[in-house]
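Engineer: Take a look at this one; I'll ask things after.
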Amino acid sequence: MNTQHDNLDDRLRSSDPASGKTFSGTAQAPDGSATGNPLRDWWLTTSTGARRSLGGGVAAAAAATVVLSTSLSGVGGPLIQLAEGTNPASMSAAESTGDAKMMSMPYVSYEYIAGESLATTGGRGHVYRLELAGSPESVALSAAAHFGVAGPVERSQYFDAAYPAYFVGSEDGMSPGVSVSWSGTGSWWYSNPAAYPEQECLAERKVGKGSDAYIECLEYEPAVTGKNPDESETRALAADFFTAMDVSFTESDIVVSVDEWSSFASVSLVVDGQPTAVEWSISWSGNGEISWAQGHSVSVVDVGEYDTISDAAAVDRLSDWRWYGSGPSGLYNGSPMVRSSGAQYDSVSAAEGDTVDPSETTDTEPVPSESETPTEPVPTESAEPGEEPSVEPTEEPGVEPTVEPTVEPMPLPSEPELEVQTVTIDSAKPALLMVWDQSGTVWLVPGVALTGVDMWWQTVITLVEGVIELPEPMDVMPIDVMPTD
């Protein structure tokens, strides 16, 4: 029974001025022009089976094909209502209350200036909505089968009706398992604790006494390293994994990082030629085992093209965190962030070779100081013969006269003066940025990556005002200032 789809087909056809006529290709009005309703055009020219095939498991969803293009600019109100955080599913109950509306005042304030090389004219850019594809059960079982994890799909202990979560195998990290978060991008993770076996303790000592005593390991057996795949092997194995997950990529898209401790590879979902923050990754530990992998289960929906501001105008948004969007990880591989002039704190560690004798006690009796040593009474010189010498009274050691304390008013902390650093933004490149809305839906929106001297690339949404609704600004929480002498 396809009553719902068929009834909608009938209603759409009855509303079409070309009802009763046969067309091929793009739906057109009797005069040959487009009908003016792209959603209806798409629906009428796409088979029922094709429309139903938009859902699927890991393999079907990972390709993330753009399935629909229609503009929603005619709808009243903003298209997207941004969440206060990057992922509302990760917010705790406390974060969703007033506490989430407080943020710490920074020690350094940055003033951003647009360089003369930045473009000063706006443009247009597509907005994409990411939709869950398939079912959590199919995604979990597909990933579990790939990594050889057996067992049924179970609800996670962290399951929430708004943000459902499931797992196959183990969820406690003691054995291999696959977890699925069925919100946002349909993220799934595989973890394998066998990649990091427990190391045997070769030398140990007892520290402390009685119930406070504990055993400290002085030397572990060496960790197994160097058995992980090299760069070329990592690239080849990762390509096989991404292909199995039906991710569209080219070999040059794969990012690889290898050292003696691990091998890592990732690839981004590419939409309209632009990499995104939606990434598939896999890693091997030093003993050659796959330690973890992760992916997504989404389809991409093009919801239309919208006006964007210029790169130069986007610089003004750097000072407002609400315009931030997540870019692909490759954007952030650059020079260090501008450093603040705050004090550095040195870490304190025991000198090399220091040991603690288990037989030594840490409990020592207090040794009285010279001023605390009891003194005998001293006879005075004025004592007459035959009389008992008088004894000058001595004050009890450590006893001070009682003085009523004076309550001094606590000085109010003064607001710290922030150091202001001016940064000239002289480089920009377009980016498709990921954002979360208040309902947990993920979007890809036009943005730009900006940078200057001695700073990371920073990403800013470039949609014009009105397309998205920003969250409420956070109140600045002043830093506690300790009174000085």
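Read-outs: derived from the displayed coordinates by stated rules, not from any lab. Note that the structure is predicted; figures quoted are calculated from it, not measured. FYI the Cβ positions are ideal-geometry reconstructions off the backbone, even for glycines, and counts take in every protein chain you see.
Engineer: At 20 °C and a viscosity of 1.002 mPa s, what translational diffusion coefficient does Stokes-Einstein give for segment 142-199, taking Rh as the Kirkwood radius over Cα pairs? Give it in µm²/s as a whole number.
Structural biologist: 181
Engineer: Want the number for Asp240 to Cys217: 0.36 nm per residue separation, take away the alpha-carbon distance, what's left?
Structural biologist: Values: separation 23, 0.36 × 23 = 8.28 nm, distance 4.12 nm.
Once the chain is fully extended between Asp240 and Cys217, it gains 4.2 nm.
Engineer: May I ask you to order 214-221, 187-194, 243-250 by the average number of other C-beta atoms within 10 Å around their residues, highest value first?
Structural biologist: 187-194, 243-250, 214-221
Engineer: Something else about it: So what are the ³J(HN,Hα) numbers for segment 241-252, from phi and the Karplus equation (6.51, -1.76, 1.60; θ = phi - 60°), rounded to whole Hz, Gly and Pro as x?
Structural biologist: 5, 5, 5, 4, 7, 6, 7, 7, 7, 10, 4, 5
Engineer: Hey, can you grab everything whose amide H is under 5 Å from the amide H of Tyr158? Only 5+ residues off in sequence or another chain; H modelled, so Pro and N-termini drop out.
Structural biologist: none
Engineer: Now, a different point. List the relative contact order of segment 221-309 as a percent without decimals, with contacts defined as Cα pairs under 8 Å and 6+ residues apart.
Structural biologist: 27
Engineer: At Ser156 and Glu137, where each label point lies 7 Å from the Cα along Cα→Cβ, what is the point-to-point distance in nanometres?
Structural biologist: Label-label distance for Ser156 and Glu137, simple model: 1.9 nm.
Engineer: Viscosity 1.002 mPa s, temperature 20 °C: what is the translational diffusion coefficient of segment 221-330 from Stokes-Einstein with a Kirkwood Rh over Cα pairs, rounded to a whole number of µm²/s? Working shown, then result.
Structural biologist: Numbers: Rh = 16.3 Å.
Diffusion coefficient, whole number: 131 µm²/s.
Engineer: Also: Post the alpha-carbon centroid distance, segment 104-159 to segment 257-309, in whole angstrom.
Structural biologist: After rounding, the separation between the Cα centres reads 10 Å.
Engineer: Based on the mean of other Cβ atoms within 10 Å per residue, sort peptides 155-167, 138-150 so the most packed one is first.
Structural biologist: 138-150, 155-167
Engineer: Quick one: 3J(HN,Hα) in Hz for segment 439-448, Karplus 6.51/-1.76/1.60 with θ = phi - 60°, rounded, Gly and Pro as x.
Structural biologist: Result, ordered by residue: 8, x, 7, 9, 10, 10, 10, x, x, 9 Hz.
Engineer: From the phi angles alone, apply the Karplus equation (6.51, -1.76, 1.60; θ = phi - 60°) to segment 281-286 and give each ³J(HN,Hα) in whole Hz, x where the residue is Gly or Pro.
Structural biologist: In residue order, the calculated couplings are 9, 8, 9, 10, 8, x Hz.
Engineer: From the gyration tensor of the Cα coordinates in segment 133-236, what semi-axes in whole Å does the equivalent ellipsoid have, largest first, with each one equal to sqrt(5λ)? All intermediate terms of the calculation are to be shown ahead of the outcome.
Structural biologist: Working: eigenvalues 266, 101, 23 Å².
Largest first, segment 133-236 gives 36, 22, 11 Å.
Engineer: Return the long-range amide H neighbours of Thr462 (sequence gap of 5 or more, or a different chain), with a cut-off of under 5 Å between placed amide H atoms.
Structural biologist: Amide H neighbours of Thr462: Gly447, Val448.
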